[in-house]
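Worksheet: the structure to be examined is printed underneath.
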């Protein structure tokens, strides 16, 4: 009996768990770190579906990138940092050349991986999240916070508030609160908002909400007492929907709430029903809706029964974001192939591709992303590429775009980026690259 | 037959008091240590599968060793002294953040007194050990209630430590050197001028820590102090009657246990994660450590290792298995299956053997003693 148990245990522990499958030589491996379970699954699932479908599209329609097929494997992180590190270690060496890049899909995992990816020479793409100071590619050679950092987001949010109240000079004396997820993700915008509060003279109050964010009663009672003019919401997953419901419970006007782009998707407002009408959120350039690329996905992926999502959910905000994220990585590889040849590339080569990525209006049109994104140009010193955003509002059925494009003011974000990244470089003894000498 | 001890006579007091009195145990341990200290580095050096890739070292062995160390610490308190603690995650965090502060230099501005306390950055090894010491001091403080309350009541009191320190490290930005995101990153691992950077070096570092502390703990629990702890655990009134001071026994258990957990926390932060936030040491970590001790075996050093392996490695294996066998399942299904199978295994194990793996192994030993002629 005991021996049988031990045998079973031994078999489970040793049983083929490390068998390494033979990898075909003309494949490019891309790991997908996602979370389809746990507290943040409602937002994690549509995102992961978008990512999976786009890679599938490239394989099904084009046979890969210039003939190099994409080999993907998904690993469940559950939004936990230690599991994310485990997933990264599991997947980074797979395929003929190792991982092309990694999308950690969590600011906490991004922090934990930043040093590891630099040692392993694998680019880390953190589209619309991650550490804001990593925009400085001279110090953070392998981090790519593409399309926008939280500091850019904070700046855009304040620009919109200023527009609503009638100009930057009217911000003086206004009260703006930040309801944030109490993790590196939620804290990231605070330094930028403090800088802006000082500059424009508004009163800034950060209000933390603990993970996962379902308990916000006391925070909202505080908001009811303090009556801030605006509440910025930096939440994720179940925290967003709860914030909307709690706002309704204390009768705080929903149209005075502005969520960051991670607080502005369908799962965040749909559960609140009519209570969510009027809620506003930033857009990471794109919003919900279908574009030419969706037709391609429906034709080449869903028609063949290979889609990851329910067909009705294609075109939702987070699905689109996953797709854009996958596209930027694929284009980075494509660019790198121009220099290094049409073969599977190493992470270091893909990094060059990402750093020289230039998606013009014409190229975006070719890709089917016309109208969804603005041109993106990444360089050695600017790993963010673009810092544009709009504001959308939930009308009970769908998201409506209610503003023009805002571009984050670099004169405000840049000094902070320089200061914080210089401190990081000093702490880690990194000699910043001279970007004028990079080709 | 395999485990027959006949003929192993003990003729001196030293032999009688040896840590491992049975020859087979000594040999097994020597083989194990040989594999861990010489085998693994050699296999990794020659890139022999599966040790050639970083995965096994960095994502399996490294966390396993560190959490096994933490489990030893928890086992001293819970298993040997019988004081249930749910604050282990907090003690890990104290170890990690104290080591971080000491490793990056401490500066306490005391403007109202007109001076400031400044300590230059200390060497990493010293910071890790001092991190353990800081955890020990806090452990003693939070152990004081154990003099009046016990069992579940104490568990709730230690839970307070967990929540309090979660709050402290999230809110008091002095501890994170005013990092804007609250996430801090460890100083470079320099040991006497030697940079510990590669996976195998990190593995060796943790292995040395774990081996030293495991031997120390093993020695401690079979000595005077350990016997006092066990007496308190088994019946505190009786222990008091035979002359054991509960104050001393309980607080030493808290101190030693927190010290080891603190060191493990510092290693977890410095060596494994490299960059961390308070969530890395949340209540889930405390529960995970407690489960390791219960599954591995209360009051057993070896059980701590097996418990750590079971709680940490088995889910990863369950998660990897379908992909490796080529079964086409979605990530979601695999993860849910992992939870189901792992949960049922825990239930099954606890029903079949409530005393954990350590007890299973000692039963195995008994059987081997009689093998092949059991009665």
Can you pull out the residues in region B:173-195 that are away from chain A (no Cβ under 13 Å) and modelled with pLDDT of 85 or more? B:174, B:175
Can you report the number of residues in region A:143-185 which are under 25 Å from residue A:428 (Cβ atoms) and either touching a strand residue (DSSP E or B) at 6+ places or on another chain (Cβ under 6 Å) or more than 14 Å from every other protein chain (Cβ to nearest Cβ) (or both)? 5
When both residues are 6+ apart or on different chains and their Cβ atoms are under 6 Å apart, which pairs have a first residue that lies in region B:20-44 and is surrounded by 13 or more Cβ atoms within 10 Å (Cβ to Cβ), and a second that is in a helix (DSSP H, G or I)? B:20/B:26; B:36/B:207; B:41/B:200; B:44/B:200
Here are some conditions: (1) more than 14 Å from every other protein chain (Cβ to nearest Cβ); (2) under 30 Å from residue B:291 (Cβ atoms); (3) more than 23 Å from the chain's Cα centre (by Cα). Residue B:135 meets all but one. Which one does it not meet? (3)
I need a count of the residues in region A:370-397 that are modelled with pLDDT under 90 and over 30 Å from residue A:418 (Cβ atoms). 5
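Is at least one residue of region B:110-117 surrounded by fewer than 24 Cβ atoms within 10 Å (Cβ to Cβ), in contact with a helix residue (DSSP H, G or I) (Cβ under 7 Å, 6 or more places away or on another chain) and modelled with pLDDT under 95? Before the answer, list the steps.
Taking region B:110-117 as the starting set, the residues that turn out to be surrounded by fewer than 24 Cβ atoms within 10 Å (Cβ to Cβ) are B:110-117.
Going one step further and asking which of them are in contact with a helix residue (DSSP H, G or I) (Cβ under 7 Å, 6 or more places away or on another chain), we end up with none.
No: zero hits.
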Going residue by residue through region B:153-168, is there one that turns out to be in contact (Cβ under 8 Å) with a residue 24 or more places away in the chain, buried (at least 18 other Cβ atoms within 10 Å of the Cβ) and farther than 18 Å from residue B:282 by Cα? yes
Could you run through region B:312-360 and say how many residues are more than 11 Å from every other protein chain (Cβ to nearest Cβ), surrounded by 15 or more Cβ atoms within 10 Å (Cβ to Cβ) and either more than 26 Å from residue A:85 (Cβ to Cβ) or in contact (Cβ under 8 Å) with a residue 60 or more places away in the chain (or both)? 3
If I ask for residues that are touching a strand residue (DSSP E or B) at 6+ places or on another chain (Cβ under 9 Å) and more than 9 Å from chain B (Cβ to nearest Cβ), which ones from region A:111-135 would you list? A:117, A:118, A:122, A:123, A:124, A:125, A:126, A:127, A:130, A:134, A:135
Mind checking whether some residue in region B:116-129 is over 21 Å from residue B:174 (Cα atoms) and outside any helix (DSSP H, G or I)? no
Within region B:111-130, the residues that are within 20 Å of residue B:195 (Cβ to Cβ) and in contact (Cβ under 8 Å) with a residue 24 or more places away in the chain are B:121, B:123, B:124, B:125, B:126, B:127, B:128, B:129
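Are there any helices (runs of 4 or more DSSP H) wholly within region B:194-308 with 2 or more residues that are without any contact (Cβ under 8 Å) to a residue 12 or more places away in the chain, and if so which?
Numbers: elements: B:199-221, B:224-234, B:236-241, B:246-267, B:283-296, B:301-308.
Per the criteria, B:199-221, B:224-234, B:236-241.
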Report, by residue number, each residue of region B:13-51 that is farther than 29 Å from residue B:364 by Cα, out of contact with any helix residue (DSSP H, G or I) (no Cβ under 7 Å at 6 or more places or on another chain) and part of a loop (DSSP other than H, G, I, E, B). B:46, B:47, B:48, B:49
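Yes/no per residue for (1) more than 12 Å from chain B (Cβ to nearest Cβ); (2) under 24 Å from residue A:268 (Cα atoms); (3) at pLDDT below 90; (4) in contact with a strand residue (DSSP E or B) (Cβ under 8 Å, 6 or more places away or on another chain):
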{"position": "A:31", "(1), (2), (3), (4)": "no, no, no, yes"}
{"position": "A:46", "(1), (2), (3), (4)": "yes, yes, no, no"}
{"position": "A:66", "(1), (2), (3), (4)": "yes, no, no, no"}
{"position": "A:76", "(1), (2), (3), (4)": "no, yes, no, yes"}
Among (1) surrounded by fewer than 24 Cβ atoms within 10 Å (Cβ to Cβ); (2) within 13 Å of chain A (Cβ to nearest Cβ), the one test that residue B:270 misses: (1)
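The values are calculated or read from the model by the stated rules, or taken from the named source; none is laboratory data. Predicted model, so just to flag it, every value in this text is computed and none were measured. All Cβ positions, glycine included, derive from the backbone under ideal geometry; neighbour counts span all protein chains shown.
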